[in-house]
Amino acid sequence: QKYHNLHSSKSNSILSSTSLDNKPKAAMATLSSLRIQPIFCFIVLLLLPLPPCSADPDPLQDFCVADLKASLSVNGFPCKPASEVTSDDFFFDGLGKEGNTSNIFGATVTGGNVLAFPGLNTLGISMNRVDLAPGGINPPHSHPRSTESGVVIKGKLLVGFVTTGNVFYSKIITAGQMFVIPRGLVHFQQNVGEGKALTFTAFNSHLPGAVVLPLTLFASTPSIPNDVLTKAFQVEDDVINGIKSKFGS
């Protein structure tokens, strides 16, 4: 009996000692875990996809009429002094005049962006007028800084765009019908009616930019080397020279 009691006492003492020894280790493990968790959460946040900036930044004042004599900054032009702003700065009649379609494309685009209408500065919106003669085309192009929507005012248009997966979407639309072109995608409008066509387009940027593919590829300054273009389009050198000559390059 004495032996048994002594043995039990020793066992309990050893267990107690082991338990005491494990407590600091458990505490250290808990502290390590607590340190790792914030780091892990921070890494996860860094890996999360950030929402894209799909339009111009929001303005920080009621208006900022552009001072077109100043240099363009990240968020538009610097503001004209408020004391110099007049009612005329908020009105623009440039889209009321029919454009001249006597050119190689049979179409013309009249811009209503910040460069023509300074009152649009920082407001994240602009419009264009597109006039097309019969058979005329607003050639394949893209707007790197804006989505485009439009409404046909007159005539019959074939409107189409190509996705980044090379899928082509198109439809023939007439007066009163709208279209939308996702930001940055190559698109065009062609007059497929018998008379003149007119459409107004709107953008969620005061300066959406335009990359007109025929001019970009065959009329850049300096010119893209013929060797690049012949390999890209799998044609002979004289074909590239012939296309460049159409654009005065």
Original post:
What are the residues in the range 177-207 that are touching a Leu at 6+ places or on another chain (Cβ under 9 Å) and either acidic (Asp, Glu) or in a strand (DSSP E or B) (or both), if any?
Top reply: 179, 186, 188, 189, 190, 191, 197, 198, 199, 200
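Kindly provide the set of residues from the range 74-83 that are assigned to a helix (DSSP H, G or I) and either under 24 Å from the mean Cα position of the chain (by Cα) or surrounded by 10 or more Cβ atoms within 10 Å (Cβ to Cβ) (or both), ordered by number. Don't jump to the end; show me each part of the working.
Taking the range 74-83 and keeping what is assigned to a helix (DSSP H, G or I), we get 82-83.
Listed by number, the list holds a single entry, 82.
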Original post:
Residues 207, 229, 185, 217: which one is touching a residue at least 40 places away in the same chain (Cβ under 8 Å) and surrounded by 18 or more Cβ atoms within 10 Å (Cβ to Cβ)?
Top reply: 207
Original post:
Which condition breaks for residue 172 when tested against (1) free of Cβ contacts under 8 Å to residues at least 24 places away in the same chain; (2) within 20 Å of the chain's Cα centre (by Cα); (3) under 20 Å from residue 106 (Cβ atoms)?
Top reply: (2)
**OP:** Quickly run through the range 59-73 and pick out the residues that are at pLDDT below 75 and either outside the structural domain of residue 91 (by TED's automatic domain parsing) or assigned to a loop (DSSP other than H, G, I, E, B) (or both).
**Re:** 59, 60, 72
Original post:
Which pairs have Cβ atoms under 6 Å, sit 6 or more apart or on different chains, and link a residue in the range 96-125 that is charged (D, E, K, R) to one that is crowded, with 18+ Cβ neighbours inside 10 Å and assigned to a strand (DSSP E or B)?
Top reply: 98/131
Subject >> Residues satisfying the stated conditions in the range 219-249, i.e. closer than 18 Å to residue 105 by Cα and either assigned by TED's automatic domain parsing to the domain that holds residue 140 or not in a helix (DSSP H, G or I) (or both) >> reply: 219, 220, 247, 248, 249
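Could you check the range 104-156 and list, in sequence order, the residues that are over 23 Å from the mean Cα position of the chain (by Cα) and of a type in the set (A, V, I, L, M)? Give the derivation first.
Initially, the range 104-156 is screened for residues over 23 Å from the mean Cα position of the chain (by Cα), giving 104-108, 131-137, 152-156.
Hits for the range 104-156 are 104, 107, 132, 133, 137, 152, 153.
The values are calculated or read from the model by the stated rules, or taken from the named source; none is laboratory data. Here the structure is a predicted model, which means the values were calculated and not measured. Quick reminder, even Gly has a Cβ in these numbers, built from the backbone with ideal geometry, and neighbours come from all protein chains shown.
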